[in-house]
1. Of the residues that make up segment 468-477, is at least one within 29 Å of Tyr169 (Cβ to Cβ) and surrounded by 15 or more Cβ atoms within 10 Å (Cβ to Cβ)?
2. When you go through (1) free of Cβ contacts under 8 Å to residues at least 24 places away in the same chain; (2) on the phi > 0 side of the Ramachandran plot; (3) not assigned by TED's automatic domain parsing to the domain that holds His125 one by one for Glu420, which number turns out not to apply?
3. Going through Arg525, Arg548, Arg485 one at a time, which residue ends up being over 30 Å from Gly256 (Cα atoms), assigned by TED's automatic domain parsing to the domain that holds Ala467 and within 29 Å of the chain's Cα centre (by Cα)?
4. Let me confirm something: among Phe500, Phe493, Phe591, Phe566, which residue is under 26 Å from the mean Cα position of the chain (by Cα) and modelled with pLDDT of 95 or more?
5. Out of the residues in segment 426-442 meeting the condition of being modelled with pLDDT of 95 or more and over 22 Å from Ala510 (Cβ atoms), tell me which one is surrounded by the most Cβ atoms within 10 Å (Cβ to Cβ).
6. Could you list, in sequence order, all residues of segment 220-279 that are of a type in the set (D, E, K, R), surrounded by fewer than 22 Cβ atoms within 10 Å (Cβ to Cβ) and either in contact with a strand residue (DSSP E or B) (Cβ under 6 Å, 6 or more places away or on another chain) or free of Cβ contacts under 8 Å to residues at least 24 places away in the same chain (or both)?
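The values are calculated or read from the model by the stated rules, or taken from the named source; none is laboratory data. Please read these numbers as outputs of a predicted model, since none were measured by experiment. Glycine also receives a Cβ, built like all others from the backbone with ideal geometry; neighbour counts cover every protein chain displayed.
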Amino acid sequence: MTDTTRQDAAAVTASGIDPAFRDSDLPLTDRVENLLGQMTLDEKAGLFFHTMITIGEGGELAEADAAFGLPATREFIDDKLMTHFNVLGAAPDAATMARWHNRLQERASATRLGIPVTLSTDPRHSFTDNPGAALLAGAFSEWPEMLGLAAIGDDALVEEFARIARVEYTAVGLRVALHPQIDLATEPRWARQLATFGEDAALTSRLVPAYIRGFQGAELGPDSVATMTKHFPGGGPQKDGEDPHFAYGREQIYPGGQFEHHLKPFEAAFAAGTSQIMPYYGMPVGTDYDEVGFGFNRSVITGLLRERYGFDGIVCTDWGLLTDASIMGQPFPARAWGVEHLSPRERMLMALNAGVDQFGGEACPELLIDLVRSGDVSEDRLDTSARRLLREKFRLGLFDAPFVDVQHADAVVGSPEFREAGERAQRAAITVLTNKGAALPARRGLRLYVEGIDREIAAEYGNIVSAPEDAELAVLRLQAPYEQRETMFENFFHAGSLEFDSTVLDHVAAVAASVPTVVDVFLDRPAILEPIVESTDAVVANFGANPRALLDVLVGDATARGRLPFDVPRSMDAVRASRPDVPFDTEDPLFRFGHGLTL
């Protein structure tokens, strides 16, 4: 033991606690069992809850947050005895985030057993600003979305990204990645496919191991970020492409009988040693499995995941399966699909019986304590999951080195080397779909009309004009279309029709009628592109690229290597007629998976 460890041991011995779990020379199993044997029921219950937490002003611990319905951080740690948190939002810089993390660990170290906190995060390295699925990069290096990495299709690049993300995460104390998301995007309308590797099971299964290796290393250890791979057993086959964050999207359907096909990427993740698994919200309809949400589904979690695949890592539910909440002032019911009639206590019991270890987005240990004290759940059942949760904290080295070096965080997070690597990937992921009459690459210095691009940035590439008719080339940036829904939170999930509004199409056609025109579309989902292809000179797709990355490709300073990670359908009729569980099922697609031109 180090001198510091001996001092800690002396302190806990004086309080009647056996400090053996702090001895890093002991076998892992002994450390886990020593600590588990000293934990009270309340302390064990605190392990089971993994909810959101915010960073306070100036890196202080946060007070209560009314906007997201969160109590003060001290209540989570001191009163609820929780030690797993998902960081919501970002600090202005890496040093502030690192200091906040250390203050959080100091607070945890002052509890009776001093169990360190494990911090998790949704993706932080891309351009998506959906707080329910990903976060702005902020101080971190900026990369294309997962679909962009799939468009490049390079295992080595995926592993490089994951390694760099791991270095940046660990520098500020983030130790669990709530990703990769390896669902197959077989329903073109589905709102969550931007964070996947696309439609093809073979491509996804090839890239997943590289992703997990980059984050976890050869095995889970003190330098690792544990991966919570999601959404088991595959969240792509959503009825009408609607998302099960919402009641109207709760059903997953398999008219093509392809349930097993969606398991293939997870088999690759298991072989790569992913540490955690997250089941999806959806409920399977018309299969051999129970028709309840996957987080409550014993036939899926115990029967399929634990028994068939032998997975003994942590299973954490998706966020908010038990209790109702309010998000941005709107009511947000629990995603208890198929068991809506049950109380939160009954839902918790069902999920535990299904085989989950942890409840994402929940903070109600009092319900779990009541289940044990009433005899509905045995303490042995709690110990089974508690062992897994404690084992991972030990493997990540949190008991031995819970704090981070603030100066190191400031130096490595978003370093020039990492940022340049991310920008190279942004350029490489751009996918050229059409190029009539060799409109691309364009020459630098021409008269340029732009929409959706900062004019000052565009001026680095050409002479900016204010009207299309005065230009030699127009570059228009568009977002793939989606339907507006009733609440703000729903509109973070781009769902519904893939057709552009007629006013957008008319405007693009009018610009293209007066000047050669290039249209760049951010394809967070496929889009019905045929009208734009017909009216313009070139169409490119991006999956997260800053304006310079795009313009570098358009003027030939960088090479676009992207190939489509999904089919682009020709019409909405073809989409509606396709089977959501079957890959490449839209009739006569405009562009097929793997399409992309080299300039």
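1. No: zero hits.
2. (2)
3. Going through Arg525, Arg548, Arg485 in turn, the sole match is Arg548.
4. Values: Phe500 fails: under 26 Å from the mean Cα position of the chain (by Cα); Phe493 fails: modelled with pLDDT of 95 or more; Phe591 fails: under 26 Å from the mean Cα position of the chain (by Cα).
After ruling out the rest, the residue left standing is Phe566.
5. Ala429
6. Lys239, Glu251, Glu260
Here's the yes/no breakdown for (1) closer than 22 Å to Gly329 by Cβ; (2) not in a helix (DSSP H, G or I):
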{"residue": "Asp25", "(1), (2)": "no, yes"}
{"residue": "Asp30", "(1), (2)": "no, no"}
{"residue": "Leu36", "(1), (2)": "no, no"}
{"residue": "Glu43", "(1), (2)": "no, no"}
{"residue": "Gly46", "(1), (2)": "no, no"}
{"residue": "Met52", "(1), (2)": "yes, yes"}
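Conditions (1) crowded, with 21+ Cβ neighbours inside 10 Å; (2) in contact with a Lys or Arg (Cβ under 9 Å, 6 or more places away or on another chain); (3) outside the structural domain of Val292 (by TED's automatic domain parsing), marked per residue:
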site: Asp312; (1), (2), (3): no, yes, no
site: Asp318; (1), (2), (3): yes, yes, no
site: Ser326; (1), (2), (3): no, no, no
site: Trp337; (1), (2), (3): yes, yes, no
site: Arg345; (1), (2), (3): no, no, no
site: Met348; (1), (2), (3): yes, no, no
site: Ala351; (1), (2), (3): yes, no, no
site: Glu362; (1), (2), (3): yes, no, no
